[in-house]
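Asks: To start, I am sharing the structure in question, which I have written as structure tokens.
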Amino acid sequence: MDITSLSLGEYSLVYNMLSFSIAAMLAAGVFFILARDRVSPKYRISLVISTLVVGIAAYHYFRIIGSWTGAFELSSAGTEYLSSGEPFNDAYRYVDWLLTVPLLLVELVLVLDLSRSKSSSMLTKLVIAAVFMIALGYPGELLSADSMFSERGFWGLLSTIPFVYILYILFGELGSAMEGQPERVRVLFRNIRLLLIFTWGFYPIVYMAPFFGLTGSSSLVTIQVGYTIADVLAKAGYGVMIYAIAREKSLAEGYSVEEAYA
Ligand code: RET
């Protein structure tokens with residue numbers, strides 16, 4: 001997408017959201033490290049994965065903000081931002097998703113503590129579908145369009161197939177695997193599944209922004225702000241929910257922090 005100018009407000013909105021996201025990801029990472037002892041050893045791997053996810057995201061947000069400041073410069077009159085000639089690099093986001101989405105699925109399946117054969121078969125399907133979902137969305141992200149019936153729409157549609165498959169597995173197979181779990185864990189699991197639907201569902205909606213009449217800079221800004229909000233919820237917010245499930249299961253299984261130090 002070639003954007004030649006942005007208003008001061010548009011430029012700062014994206015800049016500030018990217019900066020907020022770096023702070024949120026780093027703070028979440030510190031929380032996951034410090035909260036480690038509050039869950040029993042078998043759930044700690046989920047917190048380790050949450051820490052990796054927000055760490056990978058913080059790194060990419062540093063790169064995205066660097067690309068943002070490089071792509072635009074203040075006009076000599078100081079009234080708007082103009083393209084510097086250097087393109088804004090959207091690939092950081094997709095590379096980030098390629099690494100973090102499989103990790104988010106792994107931590108969900110691990111915290112559920114299902115039998116080894118069940119979790120590995122489910123994970124294989126989920127991770128393969130996630131890689132297809134992201135790889136098929138990327139070519140379309142590079143294209144601007146004003147209608148669903150465009151090349152952007154075509155890639156989006158292809159990417160939606162594995163997306164629906166992921167939801168099908170989470171609601172079908174994973175739902176039935178939850179039947180034997182304690183009531184409080186089932187409630188947390190239902191909530192995390194809702195958070196997942198709500199936040200993951202946000203990405204394709206943001207992707208469709210250009211189809212709703214948003215063009216040029218307003219489409220660029222909506223997409224950047226939309227993906228950033230979704231990322232904070234899907235990584236940091238989701239990690240906190242995973243922690244809550246791990247904590248609840250640890251308590252239900254008789255774990256206490258005091259015991260860990262006894
Ligand atoms: C795309 C392209 C349009 C169709 C669909 C998409 C889905 C993206 C999703 C991304 C999730 C990212 C997460 C990142 C967190 O780290 C690629 C936008 C369905 C669901 C959870």
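Read the figures in this text as sums done on the coordinates, not as results from a lab. A quick note: this is a predicted structure, and the numbers were derived from the prediction, not measured. Here the Cβ is made from the backbone with ideal geometry for all residues, glycine too, and neighbour counts use every protein chain on show.
Asks: With charges set only on the Cβ (+1 for Lys and Arg, -1 for Asp and Glu), what does the dipole of the chain come to about its Cα centre, in debye to the nearest 20?
Replies: Result for the chain is approximately 900 debye, rounded to the nearest 20.
Asks: Quick one: which of 115-124, 135-144 comes out on top by average Cβ neighbours within 10 Å, and what's the full order, highest first?
Replies: Highest-to-lowest ranking by the protection proxy: 135-144, 115-124.
Asks: Using the Karplus curve 6.51 cos²θ - 1.76 cosθ + 1.60 with θ = phi - 60°, work out ³J(HN,Hα) for each residue of the range 45-57 in order, rounded to whole Hz, and write x for Gly and Pro.
Replies: Listing the rounded values in order: 4, 5, 5, 4, 5, 4, 5, 4, 4, 6, x, 4, 5 Hz.
Asks: Per DSSP helix of 4 or more residues, -39500 (n - 2.57); summed, then divided by the residues of the chain. What does that give at 222 nm, rounded to the nearest 500?
Replies: The helix-only estimate for the chain comes to -25000 deg cm²/dmol at 222 nm.
Asks: How would you order 238-246, 160-168 from highest to lowest mean count of nearby Cβ atoms within 10 Å?
Replies: 238-246, 160-168
Asks: Okay, next question. Sorted by mean Cβ packing within 10 Å, highest first, what order do the peptides 175-186, 205-216, 41-52 take?
Replies: Most protected by this proxy first, the peptides run 41-52, 205-216, 175-186.
Asks: Any idea what angle helix 238-252 forms with the longest principal axis of the chain, computed on alpha-carbon atoms, 0 to 90 degrees, nearest 10?
Replies: Approximately 10 degrees, to the nearest 10.
Asks: So, one more: Toward the positive end of the charge dipole of the chain, about the Cα centre and with charges on Cβ (Lys, Arg +1; Asp, Glu -1), which of Gly239, His60, Ile205 goes farthest?
Replies: Gly239
Asks: Work out from phi, with θ = phi - 60° and the Karplus expression 6.51 cos²θ - 1.76 cosθ + 1.60, the ³J(HN,Hα) of each residue of the range 148-164, listed in order in whole Hz, and give x for Gly and Pro.
Replies: 4, 8, 9, 5, 4, x, 5, 5, x, 5, 4, 5, 5, 4, x, 4, 5
Asks: Also, I was wondering about something else. For Glu80, enumerate residues with amide H under 5 Å from its amide H, sequence gap 5+ or separate chain, H modeled in the peptide plane.
Replies: Distant-sequence amide H within range of Glu80: Ser75.
Asks: May I pose another question? Roughly what angle does helix 183-207 make with the longest principal axis of the chain, taking Cα atoms, 0 to 90 degrees, to the nearest 10?
Replies: Roughly 10 degrees, rounded to the nearest 10.
Asks: Along its principal axes, what span do the Cα atoms of the range 1-124 show, with the longest given first and each in whole Å?
Replies: Per principal axis, max minus min of the Cα coordinates gives 63, 30, 17 Å.
Asks: What's the angle, to the nearest 10 degrees (0 to 90), between helix 8-34's Cα axis and the longest principal axis of the chain?
Replies: Here the helix axis deviates by roughly 20 degrees.
Asks: Mind listing the phi-derived Karplus ³J(HN,Hα) values for the range 219-229, rounded to whole Hz, using 6.51, -1.76 and 1.60 with θ = phi - 60°, and x for any glycine or proline?
Replies: Listing the rounded values in order: 5, 4, 5, 4, 5, 5, 5, x, 5, 5, 4 Hz.
Asks: Going toward the positive end of the dipole of the range 5-260, with +1 on Lys and Arg Cβ and -1 on Asp and Glu Cβ, which of Ala23, Gly226, Asn191 do you reach last?
Replies: Positive-end residue among those listed: Asn191.
Asks: Which aspartates and glutamates have a Cα lying under 19 Å from the Cα of Lys118, excluding residues fewer than 8 positions away in the same chain?
Replies: Cross-link targets: Glu107, Glu173, Glu179.
Asks: Please work out the ratio of the alpha-carbon Rg of the range 80-148 to 2.2 N^0.38 Å and round it to two decimals.
Replies: 1.58
Asks: Continuing with the same structure: Pop out the Kirkwood hydrodynamic radius of the chain from its pairwise C-alpha distances, inverse of mean 1/r, in Å to one decimal.
Replies: Roughly 19.7 Å, rounded to one decimal.
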